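To start, the structure itself, in structure tokens.
The values are calculated or read from the model by the stated rules, or taken from the named source; none is laboratory data. Because the structure is a prediction, the values reported are computed rather than measured. As a convention, Cβ positions derive from the backbone with ideal geometry for all residues, glycine included, and neighbour counts pool all protein chains shown. Side chains included, ligands, DNA and RNA excluded: accessible areas come from the protein's heavy atoms. Shrake-Rupley method; radii C 1.70, N 1.55, O 1.52, S 1.80 Å.
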Amino acid sequence: MNSMKGHIVDVVRREIFDGELVIQDGKIVEVKRCELPEREKPWPYVMPGFIDGHVHIESSMMVPHKFARIAVSHGTIGVIADPHEIGNVLGVEGIDYMIRSGREANFNFLFGAPSCVPAVGGDIETCGKAIDAKDTEALMAREDIGFLGEMMNYPGVLADDKEVMAKVKAALRNGKPVDGHAPGLTGQQRDRYAAAGITTDHECSTLDEGRSCIKAGMKVIIREGSAAKDYQLLSPLIKESPNMVMFCTDDCHPDDFVRGHINLIVKRALADGYDLWDVLQAASVNAQRHYNQSWGLLQAGDPATFITVDRITPHFRVESTWIRGQEVFNYNASLPFHHDNNEHILDFDFPNNFVAAPITAADIDLDLKPGDTVHVIHASDGSLLTEHEEVVLTGNPLFDSRYPWTEVQKIVVYNRYVPGAKPVVGLVRGFNINDGAIAGSVAHDCHNIVAIGSSDEYLVKAINRIVEMQGGQVVVSPEEMLDIPLPIGGLMAPMGGHEIAFRTLCIQEKVKNIGCQMKSPFITMAFMCLPVIPDIKITDRHLIDTKNMKIIY
């Protein structure tokens, strides 16, 4: 039996008191109120840990047990994880890999079953594996699957599509929540979407949209990730509806993740003057209650899972993190993290699905002539949305159209799952790559190869390096080529989080040198391929008007 003394932050009763947690066998057996003796070092504040209400761990490029190692350093004690990315590559095998990896860490993972693998299907895009309603039925019956992942096919829900609704009903029959994904949906359509049994949404990007979501009975998961940042517009919901709000990162790049996680959102909300209890309700409580988890809220009988911080201000520092009675992080010490007697066999297990062959410049030729109407994808830094621009050519848009030649580049998507597939080529502006190329096998959601570059020569070099590595990220400049291999599903590396973050920073610095000043160029590029987000996207099969779901070519 051991104990933890300090200023107890009781978020359930909304009070702070001096006390002691009595801990036995990983549980809090008693919460005592007591006077704290004077000592030289101030007593810490003991409070519930933070929870990421919606995350794709694959976006960190880390396997789950190494993701957890970074997360606990920021005071995160659990995540609601949708293995949607690896599901599109490897199907149920990929989900099982993530669960096995998560079990190597002393951490709280709640994995769901992806609902849209592929995201759209049909003739729109090619994924590595599909997860149909029959697969979903089996997954929903499993104890290690806690929810149905984001239902991106909201048109299918509104149309009462048989396959889509079979997945939703399978989750509801098994008493498991269904996550939502319905950007821009308001009014009666939002009400119908919620009435189908869908209870969260992390895609709200305006306050009116968030309020509409809550009015329909759905919880809003305020997202502050690497590419999509919605806190500024949605934060009033913390005060208006504290019981209906959670925080998430969704897609968090490794160089951002090593700097901070949900703790950064908490600090920002406190600095903005939001009530401490409302903020902790969103950061620590609501996800546990919504997903029926008991991860720890400092109550007698709870798991001894909590964090200690030095102060309750926007400038707090996480001093330690405890999971089920074990200290897994201390800012002033190096601690063991994995479960005892674990051989870490997953560090040598690299499941993948990659058969693409090298290409030549002829494979990505784009025949353009004056008088042609071309469709340009207009990307914006910090947004997943794109604008659809139609341009009648007076010349070649790569050289002498109405845009400066450096403003429009080719974007290539190349199927990595089917032998002999041909790349699809489009035009994009906003990346401003003027002398080089970037490429990656992270391309939401099917994760084919995607590349953007200023010349065919650079594009071919970048794409063929991805093929050679069987997945990864690469930047090509006139002087050199830098890369990160991602041999696990073409999405993750077996390296530690800080090493991945360092390599990522090196690559992104090189991306700036070739002209692109985006904060997260690889994540932004990855979302150029997601056909469920407006207005125009490109997949391995087509350029698509995603606002109207029409194939352009």
Task: Beta bridges per DSSP with both ends in the chain, % antiparallel, nearest 5 - done: 75
- [ ] Just grab the label-to-label distance for K519 and R192, each label 7 Å out from Cα along the Cβ direction, in nm (one decimal).
- [x] 3.6
Open item on the list: If the reach is capped at under 14 angstrom between alpha carbons, list the aspartates and glutamates near K41, excluding any in the same chain fewer than eight residues apart.
Closed with: D310, E319
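Hey, can you rank 71-82, 138-149 by average C-beta count inside 10 Å, highest first? Intermediate values should be presented prior to the final figure.
Details: 71-82: 26.7, 138-149: 19.3.
Packing proxy ranking, top to bottom: 71-82, 138-149.
Could you state the orientation-averaged shadow area of the convex hull built on the Cα atoms of the stretch 198-344, in nm² to one decimal? Mind dumping the intermediate values first?
Details: hull surface 42.2 nm².
Orientation-averaged projected area of the Cα hull: 10.6 nm².
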Task: For F247, residues with placed amide H under 5 Å, excluding near neighbours - done: G53, I222
Task: For Cα Rg over 2.2 N^0.38 Å, calculated from these coordinates, the label among (1) 1.24; (2) 0.93; (3) 0.98 - done: (3)
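Which length gain, in nm to one decimal place, applies between E163 and Q293 when the Cα-Cα distance is subtracted from 0.36 nm times their residue separation? Please report the intermediate quantities before stating the final value.
Numbers: separation 130, 0.36 × 130 = 46.80 nm, distance 2.86 nm.
Full-extension gain reported as 43.9 nm.
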- [ ] Using Cα pairs closer than 8 Å and at least 6 residues apart in sequence, work out the relative contact order for the chain, in percent.
- [x] 15
- [ ] Could you point to the residue in Y97, I77, S115 farthest towards the positive end of the stretch 74-146's charge dipole, with +1 and -1 charges on the Cβ of Lys/Arg and Asp/Glu respectively?
- [x] I77
- [ ] State in Å² the accessible area per residue of the chain; use a 1.4 Å probe, count heavy atoms of protein chains only, and round to the nearest integer.
- [x] 37
Open item on the list: Can you return the lysines within cross-link range of K229? Criterion is Cα-Cα under 17 Å, with same-chain partners fewer than 8 residues away left out.
Closed with: K267, K519
Task: Efficiency of FRET from Cβ geometry, K229 and D363, R₀ 25 Å, rounded to 0.05 - done: 0.10
Task: Residues of type lysines that K550 reaches as a straight line, Cα spacing below 25 Å, ignoring anything fewer than 8 places off in the same chain - done: K129, K162, K369, K410, K422, K537
Task: Mean ellipticity per residue at 222 nm, deg cm²/dmol - from DSSP H runs of n ≥ 4 across the chain, formula -39500 (n - 2.57) - done: -7000 deg cm²/dmol
Task: For peptides 243-250, 188-195, 529-536, 308-315, sequence by mean Cβ density within 10 Å, most packed first - done: 243-250, 529-536, 188-195, 308-315
Open item on the list: Highest mean first, how do 449-458, 1-10 rank when packing is the count of other Cβ atoms within 10 Å averaged over residues?
Closed with: 449-458, 1-10
